[in-house]
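Inspection log for the structure reproduced underneath, given as structure tokens.
The values are calculated or read from the model by the stated rules, or taken from the named source; none is laboratory data. The model shown is predicted, which means the values in this text are computed figures rather than measured ones. Cβ placement follows ideal geometry from the backbone for every residue including glycine, while neighbour counts extend to all protein chains displayed. Just the protein is used for accessible areas: all its heavy atoms, side chains included, with ligands, DNA and RNA removed. Shrake-Rupley method; radii C 1.70, N 1.55, O 1.52, S 1.80 Å.
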Amino acid sequence: MLKKYFLIIFCLISITTQAQFTVTIKWLPAKNTVTGDTIYYNADRKLTWADFNGRPDAASPAAAVTESGFGYRMNMNAINNRMEVVVTIFCYFDIKKSWVKKDMDTQYALTHKQHHYDITYINACRFINKLKNTPLNRGNYNKLVEKIYDESVDALGIMQDAYDSQTSNGRIKKMQLAWNKKIDDELAALATD
């Protein structure tokens, strides 16, 4: 009988402990989208050629380069046997590593470069959705967030490569138009989520 009571108490403690673990997933607040050499993604702020301050690579066949990515910060707060993990996601454009060659700064090329940044944002949103749909707990959150992030970065690379490959870096106008629509449709769907 005593074993039965200990088992019940142990189960109640386990349930209580699990119930006191929360994960909050959020975007970095975009109060100021430009900070130093970084522009944080904001759907209302499109890139301009003035944002491309890096030194062009003369040996590169590219007319311009968009250096963008996404990341996360994870903070843990533990108070009175309660644990909260806050995962803050951000999508960024690196001003100093992004560049354009002289006389290559056309609106058409800028749209291609903006869409590279948009692809980064789309994959950051997919990362968030995967996190939100993953049962995270005290024992797995650290490893799973890192695993999902690595998978999302790999997916970003694949999508960026497909974009450049299928459009021939924007030179195949018909494919560029198809990708423009695909990206715009995905952005519109994200705006309604």
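Quick notes on this one:
- Separation between Cα centres of region 26-81 and region 99-139, rounded to whole Å: 9
- Of all the options A162, A124, A58, the one that moves most in a Gaussian network model of the chain with Cα springs shorter than 10 angstrom is A58.
- Computed with a 1.4 Å probe over protein heavy atoms only, the accessible area of S168 comes to about 40 Å².
- Charged side chains reduced to their Cβ positions (Lys and Arg at +1, Asp and Glu at -1) give the chain a dipole of some 580 debye around its Cα centre.
- Angle between the chain longest axis and helix 141-167 axis [Cα atoms, degrees, rounded to 10]: 20
- Heavy atoms of K101 accessible to a 1.4 Å probe, total area in Å² rounded to 10: 50
- Residues of type aspartates and glutamates that K143 reaches as a straight line, Cα spacing below 18 Å, ignoring anything fewer than 8 places off in the same chain: E84, E151, D154
- Note on the chain: dipole from Cβ charges, positive end direction compared against A63, P29, V100; the farthest Cα belongs to P29.
- Given +1 at the Cβ of Lys and Arg, -1 at the Cβ of Asp and Glu and no other charges, the dipole of region 30-69 around its Cα centre is 140 debye to the nearest 20.
- Size of electric dipole in region 83-193: Cβ of Lys, Arg +1 and of Asp, Glu -1, about Cα centre, debye, nearest 20: 180
- Cα-based shape type of region 72-115, given that a ≥ b ≥ c are square roots of the gyration tensor eigenvalues and the cut on a/c is 1.5: prolate
- Net charge, N140 excluded, C-beta distance under 13 Å - Lys, Arg +1, Asp, Glu -1: +2
- Subset of K26/K130; K102/K182; K113/K181 violating a 18 Å alpha-carbon distance limit: K102/K182
- Each residue was assigned an accessible area with a 1.4 Å probe, and for V65 the value is about 40 Å².
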